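The values are calculated or read from the model by the stated rules, or taken from the named source; none is laboratory data. Since this is a predicted model, take the numbers as computed values, not measurements. Every residue, glycine among them, receives a Cβ derived from its backbone with ideal geometry; neighbour counts consider all protein chains shown.
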Amino acid sequence: MTFDGVRGTCPRCGGDQVLHHVIGMPVLEAHESSPPWVLWEGCVGPGPERECEECGHGWQPGDVGVAEEPEPWDDSRTVQEHPGDPAPLRVVGAVIVRGQQILAARRAPGRSAAGLWEFPGGKIEPGESPQEALARELREELGVEVEIGWLIGRGMAEAGVRDLHLDCYWARLRGAAPTGSTDHDLLEWVERAELAAREWAGPDVPIVEAILAGARPRFRGD
């Protein structure tokens with residue numbers, strides 16, 4: 001048994017001090033050649049397979065984005081043709097803050113969930129961390145550069161035969177504010193309390209609830 005993993009980044013804080021807890025008994029060569037951030041746990045693992053030394057977050061790699069390649073899935077196939085559960089559709093969203101205001105985006109006519117409000121973002125592509133995907137999506141969608149902060153939480157919904165997992169992160173602008181969007185017909189900066197007055201897309205609702213309950217922006221180094 002040899003180790004060929006990538007250290008990766010924390011899905012909560014974005015830090016790169018990630019420990020890998022590996023279940024199994026390695027051959028001597030693998031044990032001696034493994035980097036110090038690989039911890040061989042023997043036959044029984046202590047819990048989450050990944051752990052961030054910076055923020056203490058623990059997680060299973062298969063539950064985060066597509067840092068590990070997901071099970072291939074063809075939406076044209078039926079459940080009978082593919083009895084296993086399909087990999088979730090992984091998407092990320094940004095709660096962009098500017099002072100005491102938060103950016104809300106309304107889905108444009110002709111798009112799914114048209115007229116509902118959401119936090120801008122998009123799909124995670126293979127090989128991207130959630131933070132990398134979110135920065136790319138905001139660049140493409142809003143034409144802005146941002147600093148990605150900590151994970152706020154996850155909203156879930158159904159996307160055809162697949163589950164949709166929306167992970168939302170705090171974000172703040174590095175430069176000018178967006179003036180338009182490729183996916184939305186209206187962008188508005190609103191106060192925290194004003195979020196409740198809008199009709200939100202289903203996956204975004206738990207994130208709005210967390211913000212209204214007192215979740216505060218958090219960024220590395222703050």
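Working carefully through the options E137, E141, E125, find the one that is assigned by TED's automatic domain parsing to the domain that holds D183, modelled with pLDDT of 95 or more and farther than 26 Å from G221 by Cα. I'd like the intermediate steps shown before the answer.
Details: E137 fails: farther than 26 Å from G221 by Cα; E125 fails: modelled with pLDDT of 95 or more.
The unique qualifying residue is E141.
Could you please tell me which pairs satisfy a Cβ distance under 9 Å, a separation of 6+ or placement on different chains, a first residue in segment 24-51 that is modelled with pLDDT under 75, and a second residue that is polar (S, T, N, Q)?
P26/T2; P26/S34; V27/T2; E29/T2; A30/T2
Restricting the search to segment 11-36, which residues are part of a loop (DSSP other than H, G, I, E, B), of a type in the set (A, V, I, L, M, F, W, C) and under 23 Å from the mean Cα position of the chain (by Cα)? Explain how you work it out, then say what you get.
Applying the first criterion (part of a loop (DSSP other than H, G, I, E, B)) to segment 11-36 yields 11-17, 23, 25-27, 34-36.
If we keep only those that are of a type in the set (A, V, I, L, M, F, W, C) too, we end up with 13, 23, 25, 27.
Matches in segment 11-36: C13 only.
Take segment 199-213 and flag every residue that is small (G, A, S) and either in contact with an Asp or Glu (Cβ under 9 Å, 6 or more places away or on another chain) or assigned to a helix (DSSP H, G or I) (or both).
A201, G202, A210 - these are the residues of segment 199-213 that are small (G, A, S) and either in contact with an Asp or Glu (Cβ under 9 Å, 6 or more places away or on another chain) or assigned to a helix (DSSP H, G or I) (or both).
How many of the residues in segment 31-47 are within 23 Å of C13 (Cβ to Cβ), touching a Gly at 6+ places or on another chain (Cβ under 8 Å) and surrounded by fewer than 15 Cβ atoms within 10 Å (Cβ to Cβ)? Full working, then the answer.
Initially, segment 31-47 is screened for residues within 23 Å of C13 (Cβ to Cβ), giving 35-39, 45-47.
Right, trim to touching a Gly at 6+ places or on another chain (Cβ under 8 Å) and you get 38, 47.
Filter again for surrounded by fewer than 15 Cβ atoms within 10 Å (Cβ to Cβ), leaving 47.
Total meeting the criteria: 1.
Keeping to segment 158-215, report how many residues are touching a residue at least 40 places away in the same chain (Cβ under 8 Å) and under 16 Å from L116 (Cβ atoms). Give the steps one after another, and end with the answer.
We begin by selecting, within segment 158-215, every residue touching a residue at least 40 places away in the same chain (Cβ under 8 Å); these are 159-173, 177-178, 181-192, 195, 198-207, 210-211, 215.
Going one step further and asking which of them are under 16 Å from L116 (Cβ atoms), we end up with 159, 164, 166, 168, 181, 183-188, 190, 195, 198-207.
So the count comes out to 23.
Can you work out which of the residues in segment 162-179 that are among the basic types (K, R) and in a strand (DSSP E or B) is nearest to I96 (Cα to Cα)? Quick ask: steps written out before the conclusion?
Step one: list which residues in segment 162-179 are among the basic types (K, R), which gives 162, 172, 174.
Now drop any that are not in a strand (DSSP E or B), which leaves 162, 172.
Values: R162: 28, R172: 5 Å.
Checking each candidate, the answer is R172.
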